[in-house]
1. Only one residue in A:48, A:54 is within 9 Å of chain B (Cβ to nearest Cβ), of a type outside the set (Ser, Thr, Tyr) and either assigned to a loop (DSSP other than H, G, I, E, B) or buried (at least 19 other Cβ atoms within 10 Å of the Cβ) (or both), so which one is that?
2. Under 7 Å between Cβ atoms, at least 6 apart or on separate chains: pull out the pairs that start in the stretch A:149-163 with a residue that is more than 9 Å from chain B (Cβ to nearest Cβ) and end on any residue that is aromatic (Phe, Trp, Tyr) and surrounded by fewer than 24 Cβ atoms within 10 Å (Cβ to Cβ).
3. Would you be able to say whether some residue in the stretch A:133-155 is touching an Asp or Glu at 6+ places or on another chain (Cβ under 7 Å), farther than 21 Å from residue B:228 by Cα and outside any loop (DSSP other than H, G, I, E, B)?
4. Is it true that residue B:192 is modelled with pLDDT of 95 or more and either outside any helix (DSSP H, G or I) or within 14 Å of chain A (Cβ to nearest Cβ) (or both)?
5. If you go through the stretch B:261-310 one residue at a time, how many are within 17 Å of residue B:435 (Cβ to Cβ), of a type in the set (S, T, N, Q) and in contact with a strand residue (DSSP E or B) (Cβ under 6 Å, 6 or more places away or on another chain)?
6. Report yes if residue B:178 is in a loop (DSSP other than H, G, I, E, B), more than 22 Å from the chain's Cα centre (by Cα) and touching a residue at least 12 places away in the same chain (Cβ under 8 Å), otherwise no.
7. Any chance you could count how many residues in the stretch B:427-465 are assigned to a loop (DSSP other than H, G, I, E, B) and over 18 Å from residue B:106 (Cβ atoms)?
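The values are calculated or read from the model by the stated rules, or taken from the named source; none is laboratory data. These numbers come from a predicted model, not from an experiment. Glycine also receives a Cβ, built like all others from the backbone with ideal geometry; neighbour counts cover every protein chain displayed.
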Amino acid sequence: MEGKGWSRREFAGAASLLALALGLPSAAVYLDGLDDADAPSDRQRAIMREVADMVIPDTETPGAGAAGVGDFVLLALAHGLEGARAALAPDAVSTTIRPHLRRDGSLDHARWLESTLDRAVGGDWPSKPAERKLEALATIDAQAFGPEAGAHPWRMVKGLILTGYYTSEIGGSRELAYEPLPGRYDPAVPVAPDTRAYSNEWNGVEFG
Amino acid sequence: MAQDFDFDAIVVGSGITGGWSAKQLTEAGLKVLVLERGPDIPHQSGYKTEMKAPWDMPFRGEGDEELYEREYAVQRLNRHFTEFTQDHFVNDKDNPYQTGEGSDFNWFRSYNLGGRSLTWGRQSYRWSDYDFDANRRDGHGTDWPIRYADIAPWYDLVEEFVGISGSMEGLPQLPDGKFQPPMALNAVEQAVRERIMGRWPERRLMVGRTANLTEAKEGRAKCQYRSICQRGCSFGAYFSTQSSTLPAARATGNLTLVTDAVVEKVDYDPATKRVTGVRWIDKAAGRRRSATARMVFLNAGSFNSVHLMLNSASEVMPTGLANSSGVLGTHIMDHPSTLSVAALMPGFEAVTTFGNRPTGTVIARYRNLDEMDGEGHTRGYSYQGGALQSAWVRGKREPGLGADYKNSLRGPGPWRVVLVAFADCMPRASNRITLDPRKVDADGIPQLKIDFAFGAEEHAALAQAKADAAEMMTHAGGQVLMGFDRPGTGGGAIHEMGGARMGHDPATSVLNKWSQAHDVPNLFVTDGAQMSSSACQNPSLTYMALTARACDHAVGLLREGVI
């Protein structure tokens, strides 16, 4: 017991009891509330789920598909997280981007991705063999991070896939470590080959 | 006491200084009314998101940017504004303000019980005579009527109650205090400290002095190293009104606290030349109320205390309460600040940390102390920052897909050191707040208008800070990634202060050395509005010390029957 405050153990117990009592769920992603113009099609949802899973696949922990990241990305795009609904700079608008701009100058990333993937395989991306699909996505990824890519739309989508995965329970507490109540600060801990980073190391998330 | 009056004292605001006024005045036996404009946020039970993980939140902690653009256009620019903390910040749409032509100012606010004590950065530093003597020495602004010796015992008092962890460094420009044991530097910070000091002994990198407990205090547990303070801390491990001053004030039985009470006017009696009480809008009931008191403490936050004085103009004080000098609202300041350097620091790949330390590091001011070595500026800058490891977000900058890419983001990333400079802001008459004659808020109260710009001194200081930072990082073995030398938008440091400055002369200042209005002896302004210069370190501890000092003086005057 520290002073007259709650002890760490009592506190953690009370907090988890509170969560139980309130029946707090892990937040599901609700796309129902979106305006019609922002509501993704079933095809876009399927594509985004598969694309997310190609970026972060199942390994010894489940990947982005299992973590529901596709729908999170679509929600995040619709609500403009991480600047996704900002108007594009004029020099970022190429001929392949222009058809997918909204009236306000922002890009409908979901439509852009859908059309770009289809074009890359010369047809219906979802129905192509897995290797062909992955190859098309890898080509886009390489272009997006190439020396002349500039503000490539794939960077926005990929960034939101990472956000969605590492802030999910699977990504944030199974792939990475999560310690909500460290209780102490160790300033120098040896790194081992299997050391996992903490998803709630907030400075590293904010400034890293 | 309190005969013929409803209360002995009315305190406007429940933030860092309002909480202190409430505690000091009630503990002295006074009957005190505290008015808070925002809603109640009770300690512990009011911290709704404290225990939640990102996956418990609809927008994973980042928040609904669509909502933020619409209703939190300014607050969302605050780095502590997240989905977890959004209810601890003001709704900009409902609480508008104006900026003058050519001005840009981000006014970050928390209208709730505890004010910004709930969301503050907790960095707590004493000022020194380099700061209190600054205006006299270089001729900017007006001379402070106090020096370090006047405030030192009050720093002692507030530090011991607040609970500040920090290291003793023996630096005259950043005096040591009554500290709890410091939090530790990590391995990289320790090495960088030694490397910098090896070449520049006067440049001292130390762990931030922070109002987070490293030892339990009465009713408060020590820090749990979560570093999510702005959500509210049920352990009471950082100083806030809720965790600290409010329980103390309540324990006296002398406190009346009213929330949802927007004070619109302080009443002034020209016959007695005293303020007699305040009027407020009861937001819950939708009606106007008032109360009387022997004295009034304004602790509404720098700009809102000044706003209230301007809005309390009367026939005999047509330009604002206690404004015979005409300087009310002028000489506002906020620290110019920027990221001076971000550098990779190789060689520490074998080490990481455990736990989230809720403070960074500081390099105390070293320019323009006994030798005037500033290039184009006469005051100082200091750095806050620290060494950290890139998290999974580094993957956003890297090409790759699949298992190898996923695995590459699993461990802690490369070490980086960041240094953010905070420089002195010069007090200038042209930087000022006024009432906008054309714009009113939903209650019909004139909106605040802010005219603000940084000048040549601030730009020169940040330019030198950038050059120094790159030099220090390179010397320490780092690889400089980036650095900036332009100040961000005013208000960004969330250290807005001034507007009712302290001074010797009633003709050129609003307050005397006791934070007491020259014109009105029973009116005290003890928040940031009283500041005559800005120094380059965080100001909250100084506000607290000046508040405790003013309370002691006011109680003495009351007992002597002077007010």
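1. Working: A:48 fails: within 9 Å of chain B (Cβ to nearest Cβ).
Among A:48, A:54, only A:54 is within 9 Å of chain B (Cβ to nearest Cβ), of a type outside the set (Ser, Thr, Tyr) and either assigned to a loop (DSSP other than H, G, I, E, B) or buried (at least 19 other Cβ atoms within 10 Å of the Cβ) (or both).
2. A:153/A:112
3. yes
4. Values: modelled with pLDDT of 95 or more: yes; either outside any helix (DSSP H, G or I) or within 14 Å of chain A (Cβ to nearest Cβ) (or both): yes.
It is true that residue B:192 is modelled with pLDDT of 95 or more and either outside any helix (DSSP H, G or I) or within 14 Å of chain A (Cβ to nearest Cβ) (or both).
5. Count: 2.
6. Working: in a loop (DSSP other than H, G, I, E, B): yes; more than 22 Å from the chain's Cα centre (by Cα): no; touching a residue at least 12 places away in the same chain (Cβ under 8 Å): yes.
No; evaluated as a whole, the condition is false for this residue.
7. As a first pass, look at the stretch B:427-465 and keep what is assigned to a loop (DSSP other than H, G, I, E, B): B:427-431, B:441-445, B:452-455.
Okay, now just the ones that are also over 18 Å from residue B:106 (Cβ atoms), so B:427-430, B:441-445, B:455.
The total comes to 10.
Here is a yes/no grid of residues against (1) within 14 Å of another protein chain (Cβ to nearest Cβ); (2) more than 30 Å from residue A:57 (Cα to Cα); (3) crowded, with 17+ Cβ neighbours inside 10 Å; (4) of a type outside the set (Ser, Thr, Tyr):
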{"residue": "B:384", "(1), (2), (3), (4)": "yes, yes, yes, yes"}
{"residue": "B:389", "(1), (2), (3), (4)": "yes, no, yes, yes"}
{"residue": "B:413", "(1), (2), (3), (4)": "yes, no, yes, yes"}
{"residue": "B:419", "(1), (2), (3), (4)": "yes, yes, yes, yes"}
{"residue": "B:432", "(1), (2), (3), (4)": "no, yes, yes, yes"}
{"residue": "B:443", "(1), (2), (3), (4)": "no, yes, no, yes"}
{"residue": "B:456", "(1), (2), (3), (4)": "no, yes, no, yes"}
{"residue": "B:466", "(1), (2), (3), (4)": "no, yes, yes, yes"}
{"residue": "B:474", "(1), (2), (3), (4)": "no, yes, no, no"}
